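Report on the following structure.
The values are calculated or read from the model by the stated rules, or taken from the named source; none is laboratory data. Not measured: the values here are computed from a predicted model. Note that each Cβ is placed from the backbone with ideal geometry, even for glycine, and that neighbours are counted across all protein chains shown.
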Amino acid sequence: MRGPRRADRADIDGCCVVPRNIRREDFFASFVKLLKEQEDVTDVRGIEHARVPVIRMNYRGIDVDLIVARVPVPCVTDDLVCS
């Protein structure tokens, strides 16, 4: 059982959905670079070889963990339903 979480230690867990033509290696190389160029984003680190590959960063003081999911479509659109 977990104890109560402190609000000041909250974080965001997210998932970036990409089409089948984006390889994991490409995602980590180009997206990590793009994030490092953003003014509001700090402490960006790609952990590509973990059991669950993740990009960890801090966005405006909030810790963010971002995983990537490839879907078997040529293009990700706003109406894509993931289930």
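State all residues of region 28-43 that are under 19 Å from Ala69 (Cα atoms) and at pLDDT 90 or above; if no residue qualifies, say none.
Ser30, Phe31, Val32, Lys33, Leu34, Leu35
May I ask you to verify whether Asp43 is surrounded by fewer than 13 Cβ atoms within 10 Å (Cβ to Cβ) and assigned to a strand (DSSP E or B)?
Numbers: surrounded by fewer than 13 Cβ atoms within 10 Å (Cβ to Cβ): yes; assigned to a strand (DSSP E or B): yes.
Yes: the conditions hold for Asp43.
Find the residue count for region 56-81, including only residues that are more than 15 Å from Arg23 (Cα to Cα) and surrounded by 16 or more Cβ atoms within 10 Å (Cβ to Cβ).
Adding up the residues that qualify gives 4.
Which condition number in (1) touching a Cys at 6+ places or on another chain (Cβ under 8 Å); (2) touching a residue at least 60 places away in the same chain (Cβ under 8 Å) is the one that Ala69 fails?
(2)
Within region 22-42, restricting attention to residues that are without any contact (Cβ under 8 Å) to a residue 24 or more places away in the chain and within 12 Å of the chain's Cα centre (by Cα), which residue is farthest from Val73 (Cα to Cα)?
Looking at the filtered set, the residue picked out is Leu35.
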